[in-house]
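Student: Below are the structure tokens for one structure; questions will follow.
The values are calculated or read from the model by the stated rules, or taken from the named source; none is laboratory data. Keep in mind it's a predicted model, so treat the numbers as computed, not measured. All Cβ positions, even for glycine, are placed from backbone atoms using ideal geometry, and neighbour counts span all protein chains on display. For accessibility, only protein heavy atoms count, side chains too; no ligands or nucleic acids. Shrake-Rupley method; radii C 1.70, N 1.55, O 1.52, S 1.80 Å.
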Amino acid sequence: MSLDPNPKPLQETAHSGCAGGCSAAVPMAAEIPAVFDLAQSDGVPVFVIPTMDCPNEENDIRRAVAGIEGIRSLRFQLSARTVSIDATTDALDAALAAIRKAGFSPKAVSADQAATKNVGVSELWRSILALGLAVGAEALDFFAPDTLPFKGFGMALAIAALWLSGISTYSKGVAALRRGQLNMNALMGVAVTGAFLIGQWPEAAMVMALYAIAELIEARSVDRARNAIKGLLDLTPETAEVRQVDGTWREIPAAEVKLEACVRVKPGARIPLDGQVTAGTSAVNQAPVTGESIPIDKVAGDPVFAGTINETGILEFRVTAAADNTTLARIIHAVEQAQGTQAPTQRFVDQFAAIYTPAVFCIALAVAILTPWLLGWTWTQAIYKALVLLVIACPCALVLATPVTVVSGLAAAARRGILIKGGVYLEEARKLRVIALDKTGTITEGKPRLVATEILPSAVPESQVLAWAASLAGHSDHPVSKAIATGLKLPENGLTDFVALAGRGVEARTDGQLLFLGNHRLVEERKLCSAEIEARLQVHEMQGRTVTMLASAQQVLAIFAVADTIKESSREAVADLHRLGVVSIMLTGDNVATAASIAKEAGIDDARGNLLPEDKLAAIEDLQRRYGPTAMTGDGINDAPALARADIGVAMGAAGTDTAMEAADVVIMNDDLRRIPETIRLSRRTHSVLWQNIGLALGIKAIFLGLAVFGNATMWMAVFADMGASLLVVANGLRILRTSAPQTKD
């Protein structure tokens with residue numbers, strides 16, 4: 001199974017959750033491919049950049065190295081503040097020089113060091129120490145005599161506090177100003193420096209220390225959203241019990257287990273790798289992968305997934321995927337890539353912020369220059385209010401409003417077994433007006449089952465007729481015969497002279513009788529058909545069933561109807577879609593009668609049968625013209641064109657083909673159609689939270705901007721207003737993680 005996302009080209013920028021220092025998003029440097037892996041590749045140099053904690057800085061680095069020949073890929077881990085550069089030696093040297101020129105300080109580390117590095121701890125202690133020094137400076141300013149020694153000592157404490165807490169902010173702010181950008185670091189640097197210069201040095205130190213601490217708290221909160229899915233990796237055991245050549249079992253690191261190796265898992269343990277059961281039976285909790293809370297019974301031949309829990313019995317399985325290529329790992333990989341796609345609301349916010357930030361800077365400049373002339377303020381008052389306005393008006397909370405919410409939505413969906421390949425599709429799902437559904441494997445089980453048995457009048461006892469049918473069906477490999485044998489659940493009797501009749505059925509002798517088990521055509525050829533039998537067959541065929549008959553040389557003894565049955569969840573899913581105001585349409589290659597029968601049974605609004613792949617594609621285009629935004633749901637290669645053409649393509653992950661899942665925008669890991677209305681509800685809730693966050697960010701800033709210009713807002717209030725708004729929108733966005741599936745009926 002392949003889960004590599006194939007997003008439609010709807011986004012032009014990359015932006016995700018970021019800590020302080022955000023500004024309007026900028027176009028990605030397309031020349032360097034982005035690679036999102038779960039671990040750094042062996043042999044690729046890894047560099048830690050302490051001041052890189054935001055996608056804007058990632059984009060700055062991409063632009064800095066975009067024109068350098070020989071760079072094959074860049075791989076960023078913002079939460080760890082690392083970048084790996086796959087490039088030739090000369091290109092690597094040139095790239096590092098360009099990154100340093102852009103205002104960053106890359107330091108080479110090993111992949112292991114990068115994985116374990118915790119920059120936040122040292123920064124937290126620096127900020128706490130800075131806060132202590134700032135408090136000391138404030139205390140001296142308030143209590144100490146107004147003498148030169150005390151003023152000098154207080155100023156020294158303030159400078160030390162600014163150095164400890166603000167060096168990163170200053171360096172990033174200066175780099176932004178050199179590039180002609182006005183981000184949070186630039187605005188904060190200008191505001192704090194100005195406050196210091198007009199004699200408000202204790203307040204400047206306190207504001208910078210509080211800002212640094214708030215920024216760290218905010219970064220931790222954003223990382224929680226960004227890494228919500230990565231936590232699933234911890235579910236996978238680090239070791240596996242592997243059978244050796246001599247038959248003994250030995251525990252080795254899961255990363256070292258080879259394909260085709262035999263692994264044993266005891267009851268209560270987590271399964272370390274993907275595989276196929278070879279021995280044992282057990283119930284397995286697959287919630288981390290499929291979102292299903294009910295354990296699934298596993299027997300020989302069934303697949304098992306890394307990170308799932310073996311609950312009841314010992315299982316042995318053959319490894320089918322390496323540790324870095326398990327289904328769970330690929331789900332996380334796909335969600336990480338999805339975090340790089342930009343939702344429509346996010347693009348709007350970034351475009352707004354690109355205008356908003358320079359406008360606020362100009363307003364602050366006007367306050368500083370014009371109010372002494374227009375309102376009679378002193379120059380110190382005017383400059384102070386302008387500096388307060390700069391801190392309050394920073395767009396950080398506004399820019400954070402969307403990515404944290406979107407990433408939380410993606411994580412919540414993945415926990416339910418719904419893999420959404422980008423914020424675009426998460427947000428756009430709320431607009432869907434029609435869902436087109438494939439039949440086999442999507443609405444139905446995809447496996448024929450015996451659904452009806454009719455014993456015709458004869459001198460042979462019913463039990464004998466059924467025993468003969470079970471024997472003939474059990475000797476055939478045809479799916480319909482297998483369904484009959486499985487449905488009858490009777491022991492097979494000895495047969496002689498068994499012959500498979502191509503396209504018709506089988507014949508054999510048993511108990512001295514020549515018997516036939518075959519289709520309508522075979523019965524007609526043996527001249528055993530009658531008007532009564534034709535009428536009985538028509539009833540079943542009108543319901544989309546495949547009919548097989550057991551006959552002796554003299555008469556038809558029994559009729560067996562086999563059909564692909566509807567999944568238990570399909571009726572509920574369709575009814576739920578209707579409650580959401582979404583129209584359901586079935587598109588299938590099966591015959592029209594079968595399509596109509598299944599659609600009626602499932603409650604689907606309309607059904608179209610006898611469709612080839614190109615017909616399904618044309619049907620999607622027709623539905624888009626008639627209804628508007630349309631989703632296609634399927635699992636086969638024949639569904640791939642329609643999945644790609646639909647506004648949102650939804651693939652069934654358990655039974656689906658690789659082609660279908662690559663073409664789709666959403667993958668349902670457990671093939672449960674009820675996940676589709678859940679996705680629509682999650683999309684609607686995410687959209688609602690997005691606009692709540694935007695309203696909070698703008699509303700809080702509007703209030704404090706008014707206080708800054710016409711009231712008595714201080715820089716203390718400014719930093720609390722700005723960072724408080726940022727933390728508020730982050731906390732509001734993270735609420736989506738707490739409830740995986742919204743239950744309200746829209």
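Student: Within the range 480-505, take every residue that is of a type in the set (D, E, K, R) and under 29 Å from GLY544 (Cα atoms) and give me the one that is most open to solvent (accessible area, probe 1.4 Å).
Tutor: Result: LYS489.
Student: Within the set of pairs 6+ apart or on separate chains, which have a first residue in the range 564-584 that is touching a residue at least 12 places away in the same chain (Cβ under 8 Å) and open to solvent by less than 30 Å² (accessible area, probe 1.4 Å), a second that is charged (D, E, K, R) and in a helix (DSSP H, G or I), and C-beta atoms under 7 Å apart?
Tutor: Correct list of pairs: ILE566/GLU601.
Student: Restricting attention to the range 447-462, report how many residues are touching an Asp or Glu at 6+ places or on another chain (Cβ under 9 Å) and open to solvent by less than 40 Å² (accessible area, probe 1.4 Å).
Tutor: 1
Student: Search the range 536-560 for residues being hydrophobic (A, V, I, L, M, F, W, C) and at pLDDT below 90, and hand back the single one that is farthest from GLY487 (Cα to Cα).
Tutor: ALA553
Student: Still on this structure, please answer the following. Just one of (1) in a loop (DSSP other than H, G, I, E, B); (2) at pLDDT below 80 trips up GLN351, so point out which.
Tutor: For GLN351, the exception is condition (1).
Student: Mind checking which pairs have a first residue in the range 355-373 that is among the aromatic types (Phe, Trp, Tyr) and a second that is assigned to a helix (DSSP H, G or I) and open to solvent by less than 40 Å² (accessible area, probe 1.4 Å), Cβ under 8 Å, 6 or more apart or different chains?
Tutor: TYR356/LEU398; PHE361/LEU187; PHE361/LEU390
Student: Could you please find all residues in the range 438-476 being part of a helix (DSSP H, G or I), among the charged types (D, E, K, R) and modelled with pLDDT of 85 or more?
Tutor: Passing the criteria: only GLU462.
Per-residue answers, yes or no, for (1) within 32 Å of the chain's Cα centre (by Cα); (2) of a type in the set (D, E, K, R):
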position: LEU550; (1), (2): no, no
position: ALA558; (1), (2): no, no
position: ALA561; (1), (2): no, no
position: ARG579; (1), (2): yes, yes
position: THR588; (1), (2): yes, no
position: ASN591; (1), (2): no, no
position: LYS600; (1), (2): no, yes
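Student: Identify the residue in the range 670-699 that is touching a residue at least 12 places away in the same chain (Cβ under 8 Å) and open to solvent by 40 Å² or more (accessible area, probe 1.4 Å) and, among all such residues, is farthest from the chain's Cα centre (by Cα).
Tutor: LEU698
Student: Sticking with this structure for a sec: Can you tell me which of ALA175, ALA115, ALA158 is assigned to a helix (DSSP H, G or I), of a type in the set (Gly, Ala, Ser) and modelled with pLDDT of 75 or more?
Tutor: Just one listed residue meets the conditions, ALA158.
Student: If you check every pair at least six apart or on different chains, which have Cβ atoms under 7 Å apart with a residue in the range 128-157 that is aromatic (Phe, Trp, Tyr) first and a residue that is open to solvent by less than 90 Å² (accessible area, probe 1.4 Å) second?
Tutor: Final answer for the pair search is PHE150/LEU140; PHE150/ALA144; PHE153/LEU140.
Residue by residue, here is whether (1) under 25 Å from GLY487 (Cβ atoms); (2) part of a strand (DSSP E or B); (3) out of contact with any Gly (no Cβ under 8 Å at 6 or more places or on another chain); (4) modelled with pLDDT of 90 or more holds:
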{"site": "LEU577", "(1), (2), (3), (4)": "no, no, yes, yes"}
{"site": "GLY581", "(1), (2), (3), (4)": "no, no, yes, yes"}
{"site": "ALA596", "(1), (2), (3), (4)": "yes, no, no, no"}
{"site": "MET632", "(1), (2), (3), (4)": "no, yes, no, yes"}
{"site": "PRO641", "(1), (2), (3), (4)": "no, no, yes, no"}
{"site": "ALA660", "(1), (2), (3), (4)": "no, no, no, no"}
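Student: Here's something else I'd like to know. Out of (1) within 30 Å of ALA382 (Cβ to Cβ); (2) surrounded by fewer than 24 Cβ atoms within 10 Å (Cβ to Cβ); (3) of a type in the set (Gly, Ala, Ser); (4) modelled with pLDDT of 75 or more, the odd one out for GLY711 is which?
Tutor: Failing condition for GLY711: (4).
Student: With the structure loaded, tell me whether ALA209 is under 24 Å from VAL729 (Cα atoms), in contact with a helix residue (DSSP H, G or I) (Cβ under 6 Å, 6 or more places away or on another chain) and modelled with pLDDT of 75 or more or whether it fails that test.
Tutor: Criteria met by ALA209.
Student: Which residue, of THR82, THR51, is on the phi < 0 side of the Ramachandran plot, at pLDDT below 75, surrounded by 16 or more Cβ atoms within 10 Å (Cβ to Cβ) and not small (Gly, Ala, Ser)?
Tutor: THR51
Student: Could you tell me whether the range 321-330 includes any residue that is crowded, with 18+ Cβ neighbours inside 10 Å and either at pLDDT 85 or above or part of a loop (DSSP other than H, G, I, E, B) (or both)?
Tutor: Yes.
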